[in-house]
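As structure tokens, the structure follows; a few thoughts come after it.
The values are calculated or read from the model by the stated rules, or taken from the named source; none is laboratory data. Keep in mind the model is a prediction, meaning the values are calculated, not measured. Cβ placement follows ideal geometry from the backbone for every residue including glycine, while neighbour counts extend to all protein chains displayed. With ligands, DNA and RNA removed, areas are computed over all heavy atoms of the protein, side chains included. Shrake-Rupley method; radii C 1.70, N 1.55, O 1.52, S 1.80 Å.
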Amino acid sequence: MYDLTVIIPTFNEEANIRNIVMAVDAVFHEHSLNGQILVVDDHSSDATISTVWELKRTKENVEILIREQDHGLSQSVADGFTHADSDVFIVIDADFSHPPVLIPKMYTEIRKGSDIVIGSRYMEGGGIRKWPLKRRIISIGATFLGRLLFPDITDPVSGFFAIRKKVIENAPLKPRGYKILLEVLGKGTWENDREIPFEFVDREIGASKLKIRTMLEYARQVLDISLYSFTHHESAAWREWTRVFRFGIVGITGIVVNLGILYILVEYGHLSNNPLDLVASAIAIEISILNNFILNDFWTFRSLENSKYSSRWQRLAAFNIVSAGGAVINWTVFLVLTAGFGIYYLAAQFIGTLLGFVWNFTVNRRVTWTRK
Ligand SMILES: Nc1nc2c(ncn2[C@@H]2O[C@H](COP(=O)(O)OP(=O)(O)O)[C@@H](O)[C@H]2O)c(=O)[nH]1
Ligand SMILES: [Mg+2]
């Protein structure tokens, strides 16, 4: 039994495999880690397998799993999870895109209590070197989609991460394509996560294996994880849906408050209900924004620890500005749909409200109630 297992998925990596195994092993020695190295190979046709066999002769902590069926990166990593001989797994590419020197740091974070530690390219301090524009755009798209489910995580599709065994022990992983981390986040059982920045460097040697089909599989995977969360309320994605529902309920109370205050001001406050006199309406809107802020801050986002804006006043200011943007979207959509397309005004307002809601939630989630 080892303290940790470094899982290296490989497919035709004869140019890198020796160096990466040696580098990981050197890190183990330097930090006195009792670590295992598990190469999971998809039956490479080059010298990858024979090189590992040769390394095994002198290093007893090196293991290889040769897969004969169900070719694929995610499937390989998942197989690695079930064959590893420890309670902590770290996944790393063979092509030196991920720096092995970060392995001890990830392991320390796990020991300190994190269930998942992610090497992030998209947080401050992280980055990507030598990637063609096309790869960057695909990656940003994939990351955006993944962040809808896990907004606190900057790089939910990273290939470099550490997890405790118990995260995936009972998870019905259905790994397809490239994004095993998203599957782990979506179906695994976890509470605490941490991200560590790193600079991704594209491979010097060998070829990448990303294909168009992979992207379609990814979209299906995101959908599958969303559906999964609806029936598995312990999942992290469900925690996010709960926030969406609560935000919606708060929005409805805001409408009631808005109309109620307007009524009181016009009927009893001697403010005019003349549409050109916007004072009563403006006061009603601002009070409803305050109402929504208080409910969201104390209820919807109660569970969010160490938010970026530690002061409630800052969050209130941010919420006010973002909500103003939501109102502008609502009005613009209303105007365009009624005046431009002759759509029935109530339907136009409904669509406008819906789009305003999407804006308010997604932007406030990333600005007002986001993690430090
Ligand atoms: N077992 C296995 N490993 C794979 C497969 N495809 C890629 N890999 C490995 O996964 C890592 C990342 O692959 P790479 O082609 O560099 O992807 P990229 O960095 O996204 O372009 C490398 O270690 C590859 O050898 C596969 O189908 N099966
Ligand atoms: Mg690579």
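Observations on the structure shown:
- Selection status of residue 178, at pLDDT below 95, crowded, with 18+ Cβ neighbours inside 10 Å, farther than 27 Å from residue 112 by Cβ and within 16 Å of ligand 2 (Cβ to nearest atom): yes
- Residues that are more than 16 Å from residue 104 (Cβ to Cβ), free of Cβ contacts under 8 Å to residues at least 60 places away in the same chain and more than 16 Å from ligand 2 (Cβ to nearest atom) number at least 1 in the following strands (runs of 3 or more DSSP E) confined to the stretch 1-70: 35-41, 62-66.
- There is no residue in the stretch 47-59 that is within 31 Å of the chain's Cα centre (by Cα) and within 12 Å of ligand 1 (Cβ to nearest atom).
- Looking across the stretch 1-60, the residues that are open to solvent by 40 Å² or more (accessible area, probe 1.4 Å), closer than 22 Å to residue 81 by Cβ and among the aromatic types (Phe, Trp, Tyr) come down to 2, 11.
- Subset of the stretch 292-316 that is more than 22 Å from residue 192 (Cβ to Cβ) and polar (S, T, N, Q) - its residue that is nearest to the chain's Cα centre (by Cα): 296
- Residue ID - nearest to residue 236 (Cα to Cα), chosen from residues in the stretch 131-156 that are in contact (Cβ under 8 Å) with a residue 60 or more places away in the chain and within 11 Å of ligand 1 (Cβ to nearest atom): 142
- Screening residue 97 with (1) away from ligand 2 (no atom under 16 Å from the Cβ); (2) in a loop (DSSP other than H, G, I, E, B) gives one miss only, at (1).
- Which numbered condition residue 188 misses (of (1) open to solvent by less than 10 Å² (accessible area, probe 1.4 Å); (2) in contact (Cβ under 8 Å) with a residue 60 or more places away in the chain; (3) within 16 Å of ligand 2 (Cβ to nearest atom)): (3)
- Among (1) in contact with a Leu (Cβ under 9 Å, 6 or more places away or on another chain); (2) surrounded by fewer than 24 Cβ atoms within 10 Å (Cβ to Cβ), the one test that residue 76 misses: (2)
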